[in-house]
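This report concerns only the one structure given below.
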Amino acid sequence: MIDVLFITPNNSKGIYQKLSNNFSAIETPTWSLLLAESCRSIGFKVAILDTTAEQLSDEEAYQKILNYNPRLLCFVVYGQNVNAGTTSMSGAVRLSNFLKKKKVTTLISFVGSHVQSLPIQTIKDEESIDFVFTNEGVYSLREILSLKKITLEKIENIKGLCFLKNGKPFMTPPQITVPQSKMDIDLPGYAWDLLPFRSKPLDLYRSPMWHAEYDDSKRTPYAAIQTSLGCQFKCSFCMINLINRNNNDEIGVASDYSNMRFWSPDFIIKEFEKLINMGVKTIRIVDEMFLLNPKYYVPLCEKLAELNKDDTLRMWSYSRIDTVKRPEILKLVRKAGIKWLCLGIESGNKKVRLEVAKGKFEDVDVKDVIKKVHEAGIDVMANYIFGLPGDDKKTIQKTFDLSLELCTAGWNTYAAMALPGSLLYKNAIEKNIELPSNYEGYSFHSYETVPLPTEKLKAYEILKLRDEAFIKYHTDKNFLNLIEKKFGREAVNNILNMTKIKLNRKIIEEHINAN
């Protein structure tokens, strides 16, 4: 018997359609790893069941759960994109329903961005979920596991939970999150050794294709790691700060909980060393704002540079577009093995970009920033969003034209989504704007996707523009010439094969059929 089994749900096919076969990433489950290490550091017996990495059916997952015989089941439901955890609820709820039908009596708990945003609605809607954690859950989970017997009656006095009491949703008082002073102590690293593998550690995980320079052989082994938690900004489309939730509002809004916490550079460098010693060179740094606070990222990059003297690390991180202007910083970043920076450009229209970011950006010359990054020998994954408030066909075309002009080696565009936990979601609820009817509807790539409309564009129009732009960019002559020059002809072939996979979209099909 173990104390808790952390479960990563398998829902990649529903979220990514045929892209899941070869092109979507399979990411190491960050919060399963963090929670597992936190619990076992104080003596609890833990395990991780990653049904995505192992590609388990619900029946296969059930059999493994029986073998583990846990006192508590904890579904850890976040997305590969840090602001897309709702979509992962699809596979998680499917499995929890399956377990209840199999008469599993162990309590089933959920932690993740969707339940942090909508704990009351989740408990109302999903009968197979016994209780949810209303924030990151570190201290609530430790208290629960300290109980001799885990029952709903016995957890009533534990903070940070939501469950049914006398048939009605009941939220206990908010729980604190791990404070900055205890990050190294109460979140003491990653339980890498608990992850499944085929022949060597982390070989069941794979990076996005672009991260591996469009070379399939470089995609694995792969790992994702955070050096900080949360974000100090309040972008209306994002919901990553839900882990910091500290109130019992019926709808949690991430911008109300903006806060950042950091592991010490000396502590977190040990996690990088573990990965490198396991043979992992392809690594994602998950932090939304990695290059924000020099107090933390400069010493960390200096230490990484020492580990990367042979220049074999292949890492990427996010950055604010207005914090990577200084050549000396970019030089250090490149020495550290960060060969890609993921920059949120969002829109080619300055007014749209600055409004949605709510103070995230200084007014910068985007073209100049990209030029300086490229001059430092770092490639750019440029992120754009179609359908932000204020967008119309002209502003979206302006965004796409800018992306062609910048001609970055990585390109990604999402249709703006009112994700639960974002301010866009709460605004949509208040304005009675139609939202997706199921979890997969919040995915960026699924058949069910329903993005947010604007005053001038319907949801299907925005999604159609996004899908067409994806193909146009990845078949653009200048882009393909750049890729062939940098990475070779095989990389071009891999990209062209990716563009042959058509995403089927329900709302576009419905529009066509109606006309």
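Numbers for the structure displayed
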| read-out | value |
| --- | --- |
| Of all residues in the range 491-511 being over 16 Å from TYR473 (Cβ atoms) and aliphatic (A, V, I, L, M), the one that is surrounded by the fewest Cβ atoms within 10 Å (Cβ to Cβ) | ILE508 |
| Top-ranked residue in the range 323-341 [being open to solvent by 10 Å² or more (accessible area, probe 1.4 Å) and either polar (S, T, N, Q) or under 22 Å from the mean Cα position of the chain (by Cα) (or both); ranked as modelled with the lowest pLDDT] | THR323 |
| Per-region count, the range 172-195, residues open to solvent by 20 Å² or more (accessible area, probe 1.4 Å) and under 21 Å from MET278 (Cα atoms) | 3 |
| All positions within the range 214-240 that are modelled with pLDDT of 90 or more, of a type in the set (Lys, Arg) and buried (at least 18 other Cβ atoms within 10 Å of the Cβ) | ARG219 |
| Matching residues, the range 496-505, being assigned to a helix (DSSP H, G or I), modelled with pLDDT under 95 and not polar (S, T, N, Q) | MET498 |
| Positions within the range 126-164 being farther than 23 Å from GLU250 by Cα and either open to solvent by 60 Å² or more (accessible area, probe 1.4 Å) or of a type outside the set (S, T, N, Q) (or both), in sequence order | ARG142, GLU143, ILE144, LEU145, SER146, LEU147, LYS148, LYS149, ILE150, LYS154 |
| Complete set of residues in the range 200-213 that are open to solvent by 20 Å² or more (accessible area, probe 1.4 Å) and outside any loop (DSSP other than H, G, I, E, B) | ARG206, TRP210 |
| Candidates LEU72, LEU95 - the one that is open to solvent by less than 10 Å² (accessible area, probe 1.4 Å), more than 27 Å from ILE283 (Cβ to Cβ) and assigned to a strand (DSSP E or B) | LEU72 |
| PRO453 open to solvent by less than 40 Å² (accessible area, probe 1.4 Å) and at pLDDT below 95 | no |
| Any hit, the range 342-356, residues being in a loop (DSSP other than H, G, I, E, B), modelled with pLDDT under 95, more than 17 Å from ILE471 (Cα to Cα) and open to solvent by less than 20 Å² (accessible area, probe 1.4 Å) | yes |
| Evaluation of ILE243 against (1) modelled with pLDDT of 95 or more; (2) part of a helix (DSSP H, G or I); (3) surrounded by 17 or more Cβ atoms within 10 Å (Cβ to Cβ) (one fails), failing number | (1) |
| Filter result (in a helix (DSSP H, G or I) and either within 19 Å of ILE185 (Cα to Cα) or open to solvent by 40 Å² or more (accessible area, probe 1.4 Å) (or both)) within the range 246-275 | ASP256, PRO265, ASP266, PHE267, ILE268, ILE269, LYS270, GLU271, PHE272, GLU273, LYS274 |
| Any pair with Cβ under 6 angstrom, 6 or more apart, that starts in the range 187-203 at a residue that is closer than 11 Å to ALA36 by Cβ and ends at one that is outside any loop (DSSP other than H, G, I, E, B) and of a type in the set (Val, Ile, Thr) | LEU194/ILE48 |
| Check on ASP467, at pLDDT 95 or above and in contact with a Cys (Cβ under 9 Å, 6 or more places away or on another chain) | no |
| Leading residue by the ranking (nearest to SER199 (Cα to Cα)) among those in the range 239-282 that are in contact with a Leu (Cβ under 6 Å, 6 or more places away or on another chain) and not β-branched (Val, Ile, Thr) | LYS281 |
| Residues of the range 34-53 that turn out to be crowded, with 18+ Cβ neighbours inside 10 Å and farther than 13 Å from VAL4 by Cα, as a count | 5 |
| Residue check, SER109 assigned to a helix (DSSP H, G or I), surrounded by 24 or more Cβ atoms within 10 Å (Cβ to Cβ) and in contact with a strand residue (DSSP E or B) (Cβ under 7 Å, 6 or more places away or on another chain) | no |
| Cβ-Cβ under 6 Å pairs, at least 6 apart or on other chains, the range 217-245 side farther than 26 Å from ILE269 by Cα, far side open to solvent by less than 10 Å² (accessible area, probe 1.4 Å) and of a type in the set (Val, Ile, Thr) | SER236/VAL356; ARG245/THR134 |
| Among residues of the range 157-186, those that are without any contact (Cβ under 8 Å) to a residue 24 or more places away in the chain and of a type in the set (A, V, I, L, M), counted | 2 |
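The values are calculated or read from the model by the stated rules, or taken from the named source; none is laboratory data. The model shown is predicted, which means the values in this text are computed figures rather than measured ones. Using ideal geometry, Cβ is built from the backbone for each residue, glycine included, and neighbour counts are taken over all protein chains shown. The area values use the complete protein model at the heavy-atom level, side chains included, leaving out ligands, DNA and RNA. Shrake-Rupley method; radii C 1.70, N 1.55, O 1.52, S 1.80 Å.
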